[in-house]
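The values are calculated or read from the model by the stated rules, or taken from the named source; none is laboratory data. Worth saying up front: this structure is predicted, and the values here are computed from it rather than measured. Heads up, the Cβs are rebuilt from the backbone with ideal geometry, glycines too, and the neighbour counts pull from every protein chain shown. Just the protein is used for accessible areas: all its heavy atoms, side chains included, with ligands, DNA and RNA removed. Shrake-Rupley method; radii C 1.70, N 1.55, O 1.52, S 1.80 Å.
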Amino acid sequence: MHVQQIVNGLMLGSVYVFVGIAFTMIIGIINFVNFSIPALFMLGAMTAWALLNVGVVAPLALVAGLLVGIVASMAVEQVLYKRLSGRDPVISLIGSLAFLILYEHLVIHILGSDQQAFPALLPDFNIRFGDIVVGLGQLCGFAISILLVFGLSYLLKHTPVGRNLRAISESTETATILGINVRRHVQMMFVAVGLFTALGGLLFSLNYLQVSALMGQEIGLKAIAAMIIGGVGSIWGAVVGGMLIGILEVTTIGLFGADTVDIVIYALLLLLLVVRPSGILGGALQSTQRI
Amino acid sequence: MKHLVSGIALTVLAAMASTSPASAEDLTLGFSIAKTGPFVSLTLTNEIAVDMAVEEINASGGVNGKKIRLIKFDTGGDPKQASIAVSRFAKDDFALGVIGPFSSSECRVAFPAGERLKIPQIAIASAAPKLSEPFAYGFRNSINEGAIIGSVMKALKEKGLPAKTAAIAHATDDVVSKAIGTKVLPPLFEQYGIEQKKTVTFQYKAFDVSTQVSQIKAENVDIVGLGSPPEAALKLAKELQRQEVDVRLIAGTPAADPDLPKRMDGAGQRMTIGATFFGGYDESTKSFSEAFAERAKAAGIARTEPNMYDVNAYQIAMIYAEVMRRANVTGKQSEVAAERVAIQAELAKLKDFPTLAGEVTFNADGDALKPIYVMEIVGRKWELLGVYNP
Amino acid sequence: MSAPALELAGVCKSFGGLSVVHDVSFSVAQGERVALIGPNGAGKTTVFNLITGVYPVDAGRVTASDRRIDELPSRKRIEAGIARTFQNIRLVPELDVIDNVILGEQSLCKGIRPYLAPIRWLGDSGARAQARSVLAEIDLQRFDRQKAGGLPYGIRKQIEIARALMAGPSILLLDEPAAGLNAEEAAELSRVLLKLSDAGLTLLIIEHDMHFVDQLCDHTIVLNFGRKIAEGTLAEIRRDPLVREAYIGRSEH
Amino acid sequence: MTGYLEGILVVLCINAVLGYAAYLPLSIGQINLGIAGFMAIGAYTSAIVTNELGFPLILGLFSAIAVAAVAAALIAYPVLRTTGIYLAFATFALNEIVRSLFLNIELVGGAAGYPVAVYSGILFPALVAAVVTLLMVYSGATRAHIVLASVRRDEAVSDLFGVNIRLVQLIVFVVSAGLAAAGGSLYAHYFSFIEAQHFTVFLSITTILYVVVGGTRSVWGPIVGALIYTFLPELLRDSGEWRFVIFSALIIAFIAFRPEGIVAPWPSGPGSLVARWVGRSR
């Protein structure tokens, strides 16, 4: 039976990896602590659900979900990043938290706060090996996130855009002096994070077949833990951190029961923050001391 | 800075003025609703049921020749607001009693306040065991989970349905679910000679229960006793379907949502629960459901079928009308304190009061005793298995 | 001859292999007014940071009136009588000028009592009185109730001096005090510094304005690429070929 | 005093005390997301000593503050090794740990919550809130306010003038925990019931948000923030869910256009915009 539990752990971990990457990308590259990401995750899913509920054809609803995620992310950039660029990350943390609460209450007001069943677009979104069940949603989510990690590493190392982004992550002032259009790159980052996080929300809904206005909170908190444990700013760190938390959660539930899950995970997070704030893989993308 | 503080003080006075003074000839009742916040999907429609009851009472001549006047206050499901609601109803509106609050967490804060102010309250959906026992002025028009799930077990036995081995799955961070999982189910399983195997736990807001279901699958039991709110029941049923685990879920009132079979979308087949209302039971319940559905559509609410909490709220209004009649209440401001005590006395000895969906009695703890409808999910609808009196 | 107010012996500092200060030694006698000059990037501000402990020395010793201070934590060095100003203004803009100055005597506040007095409401007694008198010394008392952030550059520069004086230092390190001042303001400042020096305060000043140095200092040390290349009166160092080369480069002949 | 206003005023008192618990770390540039955790420690301590040991109300409050302060002092060493957003994450983890612990300790009722016998009425919370406000406003006039503002603006310079940065951070962390515990005690004894699910990290977050709106650079900031956070939803009472949307939109507007909050000594007055742009280009 353990194989199924490990599969469950990996599948659960892949959700945290997906959102963890979004967090670590935006902190690592433009030093902006974006706590509104869990809301973008939820907005993608809830928009798609609402449209499907009204009878919109599936592909259109899914694309609309992505668009809403992007627009919401752009709003955060316009209102917060544009005005606060350069100010300390503490203010960006507080500002993005306010956006998280705004988006959640907006959705609660329009679509209600209770949990909805996401229609099963594919009859059985799972693959079965003997009695082992593997969720296809998470599998593609995991595949996409690994693809993205390779893609992003390649982009950062070998392309001009990547070089510009790395310059920006070192210091926005010098990047501007060097003639890099920082604003355009930052906007591109926010669009990428919006698209990517909303996609995460859709994959989650396809697999767990459930959405709610507050779904972002539970996943967001654990994804932040994954980012930190892996190493703030390191994309591979988010992958390692996410998987570790997934497995840890599954084993803790198996051994001690669900009520100790929060204690175990956040105790590990606190320990790591104190002993090794740069996380398991260290802030590869950017010097963590600066934050 | 100065102008700012005076600005805020002005707005405070405006907020106070909104509470209209009680006119002499009305009997005032407070209605504590959770229109925003976590319970909104269950509470949204309580207002319709209570309005229907009050209109019915006032149309048939009111109580002792006086009309019932309702003061509504939205607590948003927040315990602090529920306590503020009670002190407002008691001190500002001179209410004779309070319909609500809705949830256990709100009751735990509102009942002590009601006790101090000596104003009766009848909770709509609170099911935490022994909650109202220490409060003379705290009543609950909901049945404790032990009686509900007991009836479910009785129905399974009578119908000879397979129930030799059982597991328990309950949420750890919701007081009612934890009570069901730890204090209600184990003794019942023993009483009915069912071999209890593993207990699995989950957080009610957790989105992934695959681990727990894999543990249940390993036990291959006949039934799973469930202590959890509707959302978690939905998640568990869907995961059981995904991992192809064939088992019958049994649960209490937290999972009693008329829309649950539709939301299960094929999962949770043969899930059995007990509830204090079944729409299609008899003529009076059918006509109530139809009238309710019209108003729900008019109000643009997605769910048009009344849930048991709507019926509980409707019954509470009716109970108040009855006890106020028995205590021949006048509603004069000077008499309000004495009349609240009289109402409390009448409520304490309320026995077999006939109302919609059966007769209501309040036991010594202040909880309701009324018929329990045991039903199971077949396809996308609830099917009635039997009616049991606790 | 009493021990020098400040003495550096063989002080070195390098950042990641780049040697910024190399074997610098000099001493400043009690009550003396010494200028530390050199082209940009010569390591002048780094020397100040080494003296005040912003970062540790890699080698060498720093002593103040015969007491070794390079091992003291930066927080304790001000108790050894060393106060400083900064090249770019580092005041607290949202606080009144008088509060910024009061911060200067922070090192003299021991225990809990100094933190209990409501100095803002007590009008002119205790800390506020002393701060106002220090401001008066450099003729800035008219700004005491204004926010430090809203004042012109020159004024803010001098408020930093007042803050440093508040700590009752024996030696005052001034980092380009005349920068941003016009001729008249610079003359006024040097008149004030002369008065303080006559009252026994030792001054070590980083400055590019040679006229200001000439008016004020009797002894000058020249740094270039982290090394001391000359020392002496201003007239002597003007004739020193090494100094001329450092500033205007070697002639082509 | 109407029943309605009485309840709202007690909520205002609790929000003000909690606001000062969030204000202190903010006044030296730290985000402490563990406020709700220490509020829980205060609430449960006060409830236990009054329920089980028969302590009077005032002793319940003091033991709540004492226990929370000691807990903060013990945990301070590891937690304060982190800075900036790491400190925010560390205190957020701390908050979740404390909440989950209370959720699982059966002695205090675990998930079922814990009833509180001793009722405080409205005078006690009003008195405690008034005393806390007076103390904080008084501290605004002392040297402490100068040191805190200086540590917030420039730790290096403060250190050079003799400020012991580590000690200031420790004192702020412990006092903030004590204030949060006081808020917890007031909550416990007025609402007569406490449950661990109430003290989530989102309670810490909303507290910090309304203090930021009120202003983190003046001792009046938390009071103004608490007034707005308590009364705005009441004014929008009939607009249902919209009141939360409007409230969070208001916070975003402040953070984007006036991050220093309503009550801000500088930049204030007509020249502020110019001064701010000068400040920004520094």
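Figures for the structure shown
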quantity: Cross-link pairs beyond the 28 Å C-alpha cut-off, checked among A:82/A:157; B:66/B:349; B:164/B:286; B:157/B:349; calculated: B:164/B:286; B:157/B:349
quantity: Pairs of Cα atoms farther than 32 Å apart, region D:3-281, %; calculated: 23
quantity: Estimated 222 nm signal from helices in chain B, with DSSP H stretches of n ≥ 4 weighted -39500 (n - 2.57), rounded to 500; calculated: -13000 deg cm²/dmol
quantity: For residue B:140, residues with placed amide H under 5 Å, excluding near neighbours; calculated: B:123, B:367, B:368
quantity: Rh by Kirkwood over Cα pairs, then Stokes-Einstein D for region A:172-291 at 1.002 mPa s and 20 °C, µm²/s; calculated: 131
quantity: Accessible area that becomes buried as D packs against A, both chains, 1.4 Å probe, Å², nearest 100; calculated: 4000
quantity: For region A:95-115, residues shielded by at least 40 square angstrom of accessible area compared with the chain on its own, probe 1.4 Å; calculated: A:97, A:98, A:101, A:102, A:105, A:109, A:113, A:114, A:115
quantity: For chain A, calculated [θ]222 nm from helices alone, where every DSSP H run of n ≥ 4 adds -39500 (n - 2.57); calculated: -24500 deg cm²/dmol
quantity: Span-like helix ranges in chain D, DSSP H, alpha carbon extent 30 angstrom or more, Kyte mean at least 1.6; calculated: D:57-79
quantity: Peptide-level mean, for B:69-81, of C-beta atoms on other protein chains within 10 Å; calculated: 3
quantity: Amide hydrogen neighbours beyond the local backbone of residue A:210, cut-off 5 Å, H modeled; calculated: A:118
quantity: Cα-projected label distance for residue B:380 with residue C:192, points at 7 Å along beta-carbon direction, nm; calculated: 8.4
quantity: The protein assembly as shown: antiparallel DSSP beta bridges as a percent of all, rounded to 5; calculated: 50
quantity: The protein assembly as shown, accessible surface, carbon-and-sulfur percent (1.4 angstrom probe); calculated: 63
quantity: Hydrodynamic radius (Kirkwood) for region B:175-284, which is based on Cα pairs only, to one decimal in Å; calculated: 14.6
quantity: Zone of residue B:262's modelled label, taken as backbone nitrogen in region B:275-313 under 16 Å from a point 7 Å along Cα→Cβ; calculated: B:279-280, B:289-308
quantity: For region D:3-281: relative contact order, % (alpha-carbon pairs under 8 angstrom, 6 or more apart); calculated: 32
quantity: Normalised per residue, the volume of the convex hull around the Cα set of region B:118-219 (Å³); calculated: 124
quantity: Residue-normalised accessible area of the protein assembly as shown, expressed per residue, 1.4 Å probe, Å²; calculated: 36
quantity: Where a label projected 7 Å from the Cα of residue B:165 along Cα→Cβ would reach, residues of region B:234-253 with amide N under 14 Å; calculated: B:246-248
quantity: Chain B: C-alpha pair distances exceeding 26 Å, %; calculated: 53
quantity: ³J(HN,Hα), Karplus 6.51/-1.76/1.60, whole Hz, each residue of region B:48-53, x for Gly, Pro; calculated: 4, 4, 5, 4, 4, 4
quantity: Over region B:221-369, equivalent-ellipsoid semi-axes from the Cα gyration tensor in Å; calculated: 37, 19, 13
quantity: Average beta carbon contacts from partner chains per residue of C:105-116, 10 Å cutoff; calculated: 3
quantity: Calculated from backbone phi, Karplus (6.51, -1.76, 1.60) coupling profile of region A:27-40 in Hz, x at Gly/Pro; calculated: 6, x, 8, 10, 6, 10, 7, 9, 7, 7, 4, x, 6, 5
quantity: When the protein assembly as shown is reduced to its Cα atoms, the Kirkwood hydrodynamic radius in Å; calculated: 33.4
quantity: Buried area at the C-D interface (accessible, heavy atoms, 1.4 Å probe, summed, Å²); calculated: 2900
quantity: Amide H partners (placed H, <5 Å) of residue B:63, local residues excluded; calculated: B:68
quantity: Average other protein chain Cβ within 10 Å of Cβ, residues D:187-194; calculated: 5
quantity: Protein heavy-atom accessible area occluded, B/D pair - total, 1.4 Å probe, Å²; calculated: 2900
quantity: Point-to-point label distance, residue C:146-residue B:297, nm (Cα→Cβ direction, 7 Å offset); calculated: 7.4
quantity: Order by protection proxy (mean Cβ within 10 Å, highest first), peptides B:84-95, B:63-74; calculated: B:84-95, B:63-74
quantity: Cβ-derived FRET efficiency at R0 30 Å, residue A:280 paired with residue A:146, nearest 0.05; calculated: 0.95
quantity: Helical contribution to [θ] at 222 nm, DSSP H n ≥ 4, -39,500 (n - 2.57), averaged over chain D, rounded to 500; calculated: -24500 deg cm²/dmol
quantity: 3J(HN,Hα) from dihedral phi, region B:284-301, Karplus parametrisation 6.51/-1.76/1.60, rounded to Hz, x for glycine, proline; calculated: 5, 5, 5, 5, 4, 4, 5, 4, 4, 4, 4, 5, 5, 4, 4, 7, x, 8
quantity: Calculated log₁₀ intensity ratio I(q)/I(0) where the Debye formula runs over C-alpha points of chain C, q = 0.07, 0.10, 0.13, 0.16 Å⁻¹; calculated: -0.25, -0.50, -0.84, -1.23
quantity: Cα-based reach from residue C:228 at 26 Å (exclusive), listing lysines while leaving out same-chain residues under 8 positions away; calculated: C:13, C:44
quantity: Two-site FRET efficiency, residue C:199 against residue C:27, from Cβ-Cβ distance with R₀ of 30 Å, rounded to 0.05; calculated: 0.90
